[in-house]
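Enquirer: The following block contains the structure, expressed as structure tokens.
The values are calculated or read from the model by the stated rules, or taken from the named source; none is laboratory data. This one's a predicted model, so the numbers in the text were calculated from it and none came from an experiment. Every residue, glycine among them, receives a Cβ derived from its backbone with ideal geometry; neighbour counts consider all protein chains shown. The protein model used for the area step is the full one, side chains on, heavy atoms only, and it has no ligands, DNA or RNA in it. Shrake-Rupley method; radii C 1.70, N 1.55, O 1.52, S 1.80 Å.
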Amino acid sequence: MNQKYSKFFDSFTFKSGVTIKNRVVMAPMTTWSSNDDLTISDDEVKYYKHRVNGVGLVITGCTHVTPNGQGFTNEFAGYNDEFTPSLRKLAEAAKSGGAPAILQIFHAGNKAIPGLDAVSVSALKAEATNPFEISVETRELEHAEILSIIRDFGDTTRRAIEAGFDGVEIHGAHGFLIQNFWSPATNQRTDQWGGSLENRLRFPLAIIEEVKNVIEKHAKKPFILGYRFSPEETSKVDGLRLKDTYELIDNLVEQDLDYIHASLFDKSIKPVDSQEDKTWLELILERANGKVPVMAAGSIITPDDALKAVELGLPLVAIGHALIMNPDWVEKVENGREAEVETELDISKLDQLHIPGKLWDQIQVSPGWFNIKK
Ligand SMILES: Cc1cc2nc3c(=O)[nH]c(=O)nc-3n(C[C@H](O)[C@H](O)[C@H](O)COP(=O)(O)O)c2cc1C
């Protein structure tokens, strides 16, 4: 291995006690590929098994904690005990390379797939669409339903423990339900769940508390708890800005989490309203200031991209696209074959990439999502 990359091959121990062998994390990625009954498919098992052999930690694509929280077609479910065997199958595949695996849990809110009883913090109108931005008209959640969804996050955490996962990640990013509560652009409530910063944070913090209680009660070995967020809602005039994210980070620091996870889209993006040169990543690292480990994903494609992020002080580097294009990304770097890291999706090698058919369909209808080498 080129010694300069040894920086991200150090082990890392989370607060909960779980140790990982290196700092490279498989970013959470939905595959649109469950069986039609929303159980894990053989295609998904194959997809994971080919990508988890080098990374230090695996985070699965998201699973919905209630039936109406489903955000993508053929998204594997985790909302009742009947799905525990399916989650176990996923945990086994995700852990087959020896790295611990984390189940990402979420509720899609107003980005639920059409045809469900879509709910959100407030009644919201449908917005524009792309595969990540489908949004539907929603009705406002009642107080009792909010409490029930908080328990659903806890119940899915219990299932993750029973299925053999090593942790859960609460998906508070990408404009799904948790972010709908936190964002002044979508939260129009006037009760205890809306208005002030304290009220808008009540839902995410209640979920964290519930999940922690479940971990305390059910986990028999160290169990990781992480929280994912988006730094800004750039397309919304009154949406979240980095100053709001600072408040979120300060609150998350108090929660004793194993890590916080910034979903950056691109590591070089700067805040919308900022005059300075610093990127989201640099500013988030400054704010967290070592008080909680930070993980980040966003166009980290080559090992030099990863190295730059680590040198900025990022302890945990999550990679998404690059692992789809290079199932053996880590092995290539470890064995001094970094020149072989593909930065484009090579169609001629599709049979070696083990991309589930339905994920491939999504890639084809999402121009600009991948650079495709023909
Ligand atoms: C196919 C695909 C599916 C994704 N699904 C999820 C998901 O389920 N949960 C999530 O938080 N992010 C999801 N993302 C976002 C990634 O985790 C990551 O943040 C993003 O792709 C940027 O990192 P990258 O440039 O390394 O891919 C997905 C990304 C891709 C490409």
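Enquirer: Count, please, the residues in region 137-146 that happen to be among the aliphatic types (A, V, I, L, M) and either touching a residue at least 12 places away in the same chain (Cβ under 8 Å) or outside any helix (DSSP H, G or I) (or both).
Expert: The number of residues fulfilling the criteria is 2.
Enquirer: From Lys46, Lys15, which residue is in contact with a His (Cβ under 6 Å, 6 or more places away or on another chain), open to solvent by 10 Å² or more (accessible area, probe 1.4 Å) and not in a strand (DSSP E or B)?
Expert: Lys46
Enquirer: Which one of Ile372, Ile324, Ile355 is aliphatic (A, V, I, L, M) and open to solvent by less than 20 Å² (accessible area, probe 1.4 Å)?
Expert: Ile324
Enquirer: Continuing with the same structure: Return yes or no: is Gly154 more than 16 Å from the ligand (Cβ to nearest atom), in a loop (DSSP other than H, G, I, E, B), open to solvent by less than 60 Å² (accessible area, probe 1.4 Å) and at pLDDT 95 or above?
Expert: No: the conditions fail for Gly154.
Enquirer: If Thr138 satisfies every condition in (1) touching a strand residue (DSSP E or B) at 6+ places or on another chain (Cβ under 6 Å); (2) surrounded by fewer than 23 Cβ atoms within 10 Å (Cβ to Cβ) but one, which is the exception?
Expert: With respect to (1) touching a strand residue (DSSP E or B) at 6+ places or on another chain (Cβ under 6 Å); (2) surrounded by fewer than 23 Cβ atoms within 10 Å (Cβ to Cβ), Thr138 is out only on (2).
Enquirer: Determine, yes or no, whether Thr30 is among the β-branched types (Val, Ile, Thr) and in a strand (DSSP E or B). Break it down into steps so the answer makes sense when it comes.
Expert: Details: among the β-branched types (Val, Ile, Thr): yes; in a strand (DSSP E or B): no.
Against the criterion (among the β-branched types (Val, Ile, Thr) and in a strand (DSSP E or B)), Thr30 does not qualify.
Enquirer: Turning to a different aspect of this structure: State which residue is nearest to the ligand (Cβ to nearest atom) when the search covers only region 252-276 and only residues that are open to solvent by 90 Å² or more (accessible area, probe 1.4 Å) and either within 28 Å of Ile224 (Cα to Cα) or within 15 Å of the chain's Cα centre (by Cα) (or both).
Expert: Phe265
Enquirer: Look at Gly195 and say whether it is more than 30 Å from Ser366 (Cα to Cα), among the small types (Gly, Ala, Ser) and more than 24 Å from the chain's Cα centre (by Cα).
Expert: yes
Enquirer: When you go through (1) closer than 19 Å to His143 by Cβ; (2) among the charged types (D, E, K, R); (3) surrounded by 19 or more Cβ atoms within 10 Å (Cβ to Cβ); (4) touching a residue at least 24 places away in the same chain (Cβ under 8 Å) one by one for Arg228, which number turns out not to apply?
Expert: Of (1) closer than 19 Å to His143 by Cβ; (2) among the charged types (D, E, K, R); (3) surrounded by 19 or more Cβ atoms within 10 Å (Cβ to Cβ); (4) touching a residue at least 24 places away in the same chain (Cβ under 8 Å), only one is false for Arg228: (1).
Enquirer: If you check Ala185 against the conditions, is it in a helix (DSSP H, G or I) and aliphatic (A, V, I, L, M)?
Expert: Values: in a helix (DSSP H, G or I): no; aliphatic (A, V, I, L, M): yes.
Against the criterion (in a helix (DSSP H, G or I) and aliphatic (A, V, I, L, M)), Ala185 does not qualify.
Enquirer: Which of the numbered conditions does Pro315 fail, given that it passes all the others? Conditions: (1) surrounded by 20 or more Cβ atoms within 10 Å (Cβ to Cβ); (2) in contact with a strand residue (DSSP E or B) (Cβ under 7 Å, 6 or more places away or on another chain).
Expert: (1)
Enquirer: Given the condition at positive phi, away from the ligand (no atom under 13 Å from the Cβ) and of a type outside the set (A, V, I, L, M, F, W, C), answer yes or no: does some residue in region 289-312 qualify?
Expert: So far as region 289-312 goes, yes, one or more of its residues are at positive phi, away from the ligand (no atom under 13 Å from the Cβ) and of a type outside the set (A, V, I, L, M, F, W, C).
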